[in-house]
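Each remark here refers to the structure printed beneath this line.
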Amino acid sequence: MELLTSAYGTSVARRAQLVAVLAEPEDLSPARLRGLTGVADALEVRADLVGDPDPHRLRRHFRGPLTYSLRSRRHGGRSALGPVERRARLLRAAQQYDLVDLEAMDDLVPELLVGIPTRQRRVSWHQPEATRPDRGADRWFGAAMREASEALRHRFAAMRTVPAAAYLLVPQPGAQYGAAAPLLLTGLGRTDVTAFASGPAGTWTRVLAPWLGAPVVFGRAGAPGADGMPSVAQLRSDYGLPALPPLDALFGIAGRATGGSLAPRLHNAALRHLRLPALYLPFPVDVFPRFWHWAFVFGALARLPLRGLTVIAPHKRGAVEVADIADPHALRCGAANVLWLDAGRWRATTTDTAAALHTLARAGVEPGGRSAAVIGCGGAGQAVALALDQAGARVTLVNRGDARGLDASSRLGFPYVPLSRFSPAGHTVLVHATPVVERPPFPITAADRDAVVLELVYRDPPTALMRATHAGGLVGIDGWDVLFVEVSEQFRLLTGHPLPEALTLRSLCFGSAEPAEAHDLAKPAGQPPARSAMRSASGEAT
């Protein structure tokens, strides 16, 4: 069996085939194609998106296998060709490509099956619309999840009546968070079937599928797509693919928007370094209690139990509510950003408090006796306000929306000022805990000359507030420093292991060569993220 050596020097016996999907015209450039050599195992041409490139030109720059896919609108693509022209293009592709995608059941006609031999066929099915069960039906989590998986098995049973080299099933994620797709792979005992859910809510299923038996994993040659497909670079940097080390547990980040999080990259790098048999995944979540119930059912069915979560907006309050034990900080501010299993009981805490105080201390700032204003009254802002109060600061809460600001003021016992009437004058610690990055949330020119600005959101280039802070000669501490402290503490809580000292988080964030939209917040190759990154300590709307 082939051994794959990971970036961290470990030898892994199992691996997936990494297929780079050419979905944009720039993906056909010689430079992009050459850059995929030695990175991807094969290429897939989405002819409905990029047309029909010359396969001979592709092979001059990339020597691996080529797959041709002419995705129809019925299967979620853009091709609107009639049957005659469609079949002509598929037959022509069979003369030049190693695999040709045939859509079940429309393409499985005698003309194509005669002209395209078994060794060149990939039979695929993309569900056109999600089937959403009654959201109030608790039975969904157990019996109906099994029913959905069984329905996919019946779908595959019909597809496999046509002999092929590979089979691909892509249902919509639906209310089951795409669980039926990876569950199809468990116990199937085949090496020619790949299944995952489409859309951003299904991204985690694409990543997890190879561990459950899928032979291939697909990544876009360029930026991640709206269909939930990560980039090839993201699959490698964030999840260590195509290597498949042993796996027996899951961690993840749960929130409304997890696609831009750097947490999978950082946590998975540490898990690989320590050779811990776990994977950290992004879970987009609409309703936290439903997700929480689903996670345990899925873990039992897939034999991959959930061991811990970092939680981002808007579910930090929900994290406190589902925990068996929540620490005093989390209880007082009604928000937690970490849930972890400890001796059979789920604990909840917030790492925002320690992260804020630690970064201030590293900058030589002692909060005791200072007047501090915390702009943003979400979970992160409230946690930092509590930490500053316990460190001896006089804290004022500031928020754009009065309802949340007054609620936080009543909960914590600190004075509140609406953002529309707030002046930074008189406050020597200014904490920015909102997701606003394009403009300063308050007039920094009115701040005292000895004021220190601590920002929880991270971005490179710096946010408008950080630029204005530095231009005014004030001390500014950006969210990158807070992020690295939080990740270290969260990893320790989730796994029981300290973050390996050999890992430099900044180099992991800034040193990955990947295209501009790789996290929907990245700069071109070798540069750090460009738009405000999703993170556990911030992101609540004010």
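The values are calculated or read from the model by the stated rules, or taken from the named source; none is laboratory data. None of the values given here were measured: they were computed from a predicted structure. Positions of Cβ are generated from backbone atoms using ideal geometry, with glycine treated the same way; all protein chains shown enter the neighbour counts. For accessibility, only protein heavy atoms count, side chains too; no ligands or nucleic acids. Shrake-Rupley method; radii C 1.70, N 1.55, O 1.52, S 1.80 Å.
Report, to the nearest 10°, how far helix 263-273 tilts away from the longest principal axis of the Cα atoms in the chain, using its own Cα long axis and a range of 0 to 90°. The angle comes out at about 80 degrees. Computed from Cα atoms, the angle from the helix 352-362 axis to the main principal axis of the chain rounds to 70 degrees.
Accessible surface of segment 205-307, 1.4 Å probe: 57 percent of it comes from carbon and sulfur atoms.
Largest first, the extents of the alpha carbon coordinates of segment 146-305 on the three principal axes equal 43, 34, 30 Å. Comparing Cα centroids, segment 308-368 and segment 244-270 end up 18 angstrom apart. How much of the DSSP beta bridge set in segment 206-349 is antiparallel, as a percent to the nearest 5? So the antiparallel bridges amount to about 35 percent of the total. Taking amide H atoms as placed 1.01 Å from N in the peptide plane, the amide H of residue 371 lies under 5 Å from those of 394, 428, 429, each 5 or more residues away in sequence or on another chain. The C-alpha atoms of the chain define a longest principal axis, and helix 288-302 lies at about 40 degrees to it. The GluC sites (Glu not before Pro) of segment 472-504 that meet both conditions, a loop assignment by DSSP and at most 12 other Cβ atoms within 10 Å of the site Cβ, are 501. Across segment 227-234, computed HN-Hα scalar couplings (Karplus, 6.51 cos²θ - 1.76 cosθ + 1.60, θ = phi - 60°) run 7, x, 7, x, 7, 4, 4, 5 Hz from first to last residue, x flagging Gly and Pro. Would you mind telling me the antiparallel percentage of the DSSP bridges in segment 279-391, rounded to 5? The antiparallel proportion sits near 80 percent.
Rg and Dmax over the alpha-carbon atoms of segment 205-276 stand at 12.0, 33 Å. Ranked by the mean number of other Cβ atoms within 10 Å of their residues, highest first, the peptides 147-153, 449-455, 384-390 fall in the order 384-390, 449-455, 147-153.
Which whole-number percent is the relative contact order of segment 255-325 (Cα, under 8 Å, 6+ apart)?
With pairs under 8 Å counted, the relative contact order is 37 percent.
The string of couplings for segment 329-338 from the Karplus curve (6.51, -1.76, 1.60, θ = phi - 60°) is 4, 5, 5, 5, 8, x, 8, 9, 10, 9 Hz, one whole number per residue in order, with x for Gly and Pro. Beta-bridge orientation, the chain: approximately 15 percent antiparallel, per DSSP, counting only bridges with both partners inside. Among the trypsin sites (Lys or Arg not before Pro) within segment 273-340, those in coil by DSSP and having at most 13 neighbouring Cβ atoms inside 10 Å are 275, 303. Computed per residue of the chain from DSSP H runs no shorter than four, each worth -39500 (n - 2.57), the mean residue ellipticity at 222 nm is -9500 deg cm²/dmol. For the chain, the relative contact order comes to 11 percent (Cα pairs under 8 Å, sequence separation of at least 6). Per residue, the solvent-accessible area of the chain (1.4 Å probe, heavy atoms of protein chains only, all protein chains present) comes to 39 Å².
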